[in-house]
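Below is one structure, written out as structure tokens; comments come after it.
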Amino acid sequence: MDTIITRSTEAFCRGNVSSVLIIDLMLILLLAGLLIVQEFLELNYAQRWLLQTDTKFNKVKLIYIAKIPFFYIFLYVFFYQALQIAK
Amino acid sequence: MKHTVVIYKDKLFCWVFSILVFTAEIFLAFQNIYTSFILYLFIFISSLTIASFKYQQPAYSLYVSLVLVPLTRIISISIPLSGIPEVFECIVVSIPLFITGAIVAKMVDLTYTDLGFKFGKLHSRLLTGLLGILLGYVRFLLFQSGKAEIYAAPEVLIIWILLLMFLGFLEEFIYRGIIYNAFLSLLSKKKAVYFTSFLYAALTISTKSFVNVLFAFIISIIFCGLYNRQKSLTGLYLAHGLMNLTVYVICPLIFNNRF
């Protein structure tokens, strides 16, 4: 359990450190960057039609490892901040 | 010759990666969150970038799997939890980790069998599971966890029990199921055990307890050894879950008289 959430990370999260240090904003910008890179790669591979489909697919799929958790954080932060403002 | 050079570079990466994770966690332990976060982000992006160039090479699975280590901290630092009930914080952090873990397992072609979902020899798995209670008791004696009053609130006790079991499962799934198997694809069994255990222990540095880090290292070695012996993680999933349950719920309830 300690590797996933420790007392110190818990304390940082409870103190909303990510909002104070604009870590959440940085991740959202990174997510936007990843989406652009993905589009670029897909476009680039579409032009290089000789490249094997399997290789193309796997290289683009690597982005999903970053995209999915970052998108989750984006959604979480979005709804969290919206609820904070609504309160 | 070229193959040897490639493997040498991959082994070097294992060392560099471990040292960087260790450094990032030291920064976190000393409250330098921003530096730690940037370092974790750097490790995460560079591992992914290198992985994209290693496709169809033996070390591909290693680079992809190791991404889960920095990602754990990136997620656990960047989610705001102020005003959220404590029982939900572990759920909020573990959901994206589990999903990403499942994606990584699929990408590196790990089968259910590789991930240890073998249900034969049930008595052996149950015995391994019971080891978790013993380890949890030892850990409780070492650290005397005082969180039972939160975990033992009757209305959330069942959720906590399920959650602690799930967190145990998640750690085993990531460290023994994915990362250890990835190290095995490149290194010898002994080195794979040490690297996995080092990374596992490194992520507990922010607890600022040397005994805790050492305990995590030893636990990881024991669990890797058991995995090597049984070729199944079913017992370890149970053992880790029961260990969490013993440390955070059962022992505090019994020894701190919180009935």
- Note on the structure: Under the 7 Å Cα-to-Cβ spin-label approximation, B:Lys189 and A:Lys87 lie apart by a distance in nanometres of 5.3 nm
- Query: Relative contact order of chain B: what whole-number percent is it, with Cα pairs under 8 angstrom and at least 6 residues apart?
  - Reply: 29 percent
- If you place +1 on the Cβ of every Lys and Arg, -1 on the Cβ of every Asp and Glu, and leave all else neutral, what size is the dipole of region B:157-259 about its Cα centre, to the nearest 20 Debye? 280 debye
- Message: About the Cα centre, and with charges only on the beta carbon of Lys, Arg (+1) and Asp, Glu (-1), how big is the dipole of chain A? Nearest 20 debye, please.
- Response: 40 debye
- Task: Only Lys, Arg, Asp and Glu count, each charged at its Cβ (+1, +1, -1, -1), so figure out the dipole size of chain B about its Cα centre, rounded to 20 debye.
- Result: 920 debye
- Query: To the nearest 500 deg cm²/dmol, what mean residue ellipticity at 222 nm is calculated for chain B from DSSP H runs of n ≥ 4 alone, each contributing -39,500 (n - 2.57), summed and divided by the residues?
  - Reply: -24000 deg cm²/dmol
- Task: Working from Cα positions, state the angle (0 to 90°, nearest 10) between the long axis of helix B:86-107 and the longest principal axis of chain B.
- Result: 30 degrees
- Message: Report the Cα-based extents of chain B along its three principal axes, largest first, to the nearest Å.
- Response: 66, 47, 30
- Before rounding to the nearest 500, sum -39500 (n - 2.57) across all DSSP H runs of length at least 4 in chain A and divide by the residue total; then give [θ] at 222 nm in deg cm²/dmol. -27500 deg cm²/dmol
- Item | Whether region B:18-114 is rounded, prolate or oblate, judged on the alpha carbon gyration tensor where a/c under 1.5 counts as rounded | oblate
- Query: Does region B:154-226 classify as rounded, prolate or oblate by the C-alpha gyration tensor (a ≥ b ≥ c root eigenvalues; a/c under 1.5 gives rounded; else a/b over b/c gives prolate, otherwise oblate)?
  - Reply: oblate
- Message: So if I average 1/r over every pair of distinct C-alpha atoms in the protein assembly as shown and take the inverse, what Kirkwood radius in Å does that give?
- Response: 20.9 Å
- Message: Expected output is a single nm value to one decimal: the length gained when fully extending between A:Ile68 and A:Ala46, i.e. 0.36 nm times separation in residues minus the C-alpha distance. What is it?
- Response: 5.6 nm
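Any read-out appearing in this document is the output of simple, stated calculations on the displayed coordinates, not a laboratory observation. Nothing here was measured: the structure is a model prediction, and the numbers come from that model. We place every Cβ from the backbone using ideal geometry, glycine too, and count neighbours over all the protein chains shown.
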